[in-house]
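The values are calculated or read from the model by the stated rules, or taken from the named source; none is laboratory data. Just so you know, these numbers come straight off a predicted model, no measurement behind them. Here the Cβ positions follow ideal geometry from the backbone for every residue, glycine too, while neighbour counts run over all protein chains shown. Remember, those area values only see protein heavy atoms, side chains included, never the ligands or the DNA or RNA. Shrake-Rupley method; radii C 1.70, N 1.55, O 1.52, S 1.80 Å.
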Amino acid sequence: MAVSTASTGPFIRAAINGLPPYSAGRSVRDAAGGGAVASDLLGLAANEGPYGPFPAAAAAAVECVHSANLYPQSGFRSLRGELADFLGVGVERVAVGAGGIALIHHLSVALLDEGTTIVTGTPTFHAYALDARKQGASARTAPVRLDGGYDLAAMLELVDDLSRIVYVCNPNNPTGGIVTREELLRFVDAVPESTTVVVDEAYFEYARSTGYPDTIADRAFHRPNLVTLRTFSKAYGLAGLRVAYLVGSPALIEAVQKVQSNYEVTSVALAAARASLPEADELARRVELNRAGRATLTEGLRRFGFPPIDSHANFVYAEVGDGKLFAKALEAEGIIVRPANAMGDPAGARITVGTPEQVERTVEALSRVAGHVGPRRGSTYR
Ligand SMILES: Cc1ncc(COP(=O)(O)O)c(C=O)c1O
């Protein structure tokens, strides 16, 4: 057999060689060197819930650690069944995975061949395009609307025979805007059946508002080519445990289950998620605190000259002039926020809504950095 002497190392697929290294943005764990998180440093860059797991979930996780010598339940059947009851759907419509990021990866592996495309908005959650590129597929993007919601009419223009997935991030990360039930229904009616619509509702719990669709409860969205993604990472405060779910077309759910690794969700994460589901009052309390904090943060941004977009999630996006400079100025104040350059908008930044005290501290810091950084006078978002 002829051996090529030109080789300089192991063969790596061209799609992977061409990828930029993953950049998650700076976190409080980075600032703390991966160790204990300094109590005076405020991490508002990752849209984590600020309150930790629900007390019942923390207790269940601690209890479960004692049996960590055992593998998790195969097929995650208990959590899938409890989610099915909680959501009022059949269990064949439910998959769980190690976070929404893992489920987006599985959908990409199951649906995307080399040369196919995904269609999505910009700026938006980076994983959609990144996971497409890992498969040798590419992303077509339509700019989001000025209110931060997806421009579904513009996206429809980008859908063709090569389009395997259309992602609708609702509310959109990082802009916080939504599309309404009527807009989304019109869109899914027009998308061909061979193209899967993934509705990413990572921030669903925060978004309850007039016109916002619930694509799991609303039977009009039960289609052979539609799945909805939700996560325990945000309103349920379990980002560090990695557990999320997909609900929708049984054929798509089965495809994802074939792709995912056995036992990818840990027993501790499964226990915490199961204990969280019945805690409706605690969830409502946190959602209400977020709503109030979001209003205060939005008003503070506006007052100090950073035009914000009205948000339906647990973060607020604003025009800040130069996102990186803005983030640097706030880090000097002990607050880590997310510049949006890596998401396709160098003039934007996203700030997570913290506890009431954290929001107050953020607004005070905004008042101090306002003289040094910011958009041109009289600017509105984009
Ligand atoms: C829009 C969106 N989808 C999915 C996720 C994935 O979350 P996780 O992997 O923590 O479930 C995130 C996380 O930030 C997100 O913003």
Only loop residues by DSSP count here, and only those with at most 10 other Cβ atoms within 10 Å; note down the GluC sites (Glu not before Pro) in segment 144-238 that meet that.
GLU193
Can you tell me which lysines have their Cα less than 23 Å from the Cα of LYS134? Leave out same-chain residues fewer than eight positions away.
LYS258
If you take the Cα Rg of segment 280-382 and divide it by 2.2 N^0.38 Å, with N the number of residues, what do you get?
1.04
What relative contact order, as a whole-number percentage, does segment 55-276 give when Cα pairs under 8 Å and 6 or more residues apart are counted?
29 percent
So what are segment 71-178's ellipsoid semi-axes, whole angstrom, largest first, if each one is the square root of 5 times an eigenvalue of the alpha-carbon gyration tensor?
28, 18, 12
Between beta-carbons, use under 13 Å as the cut-off and find the net charge around ARG285, counting Lys and Arg +1, Asp and Glu -1.
-3
For the chain, give the magnitude of the charge dipole about the Cα centre (Cβ charges: +1 Lys/Arg, -1 Asp/Glu; no others), in debye to the nearest 20.
600 debye
Name the helices (complete DSSP H segments) of the chain with a Cα length along the long axis of 18 Å or more and a Kyte-Doolittle mean of at least -1.0, or state none.
280-303, 356-369
Given the protein chains as shown and a 1.4 Å probe, how many square angstrom of ASP310 are accessible, to the nearest 10?
100 Å²
The chain, relative contact order in percent, only Cα pairs under 8 angstrom and at least six apart counted:
21 percent
For the chain, build the convex hull from the C-alpha positions and give me its volume per residue in Å³.
174 Å³
Using only DSSP helix segments of four residues or longer, with each worth -39500 (n - 2.57), what per-residue ellipticity at 222 nm results for the chain after dividing by its residue count and rounding to 500?
-10500 deg cm²/dmol
Counting only the heavy atoms of the protein chains, how much of SER108 is accessible to a 1.4 Å probe, in Å² to the nearest 10?
0 Å²
Once ligands and nucleic acids are excluded and a 1.4 Å probe is used, how much of ASP113 is accessible, expressed in Å² to the nearest 10?
90 Å²
Please pull out the direction-averaged projected area of segment 55-276, using the convex hull of its alpha-carbon atoms, in nm² to one decimal place.
11.4 nm²
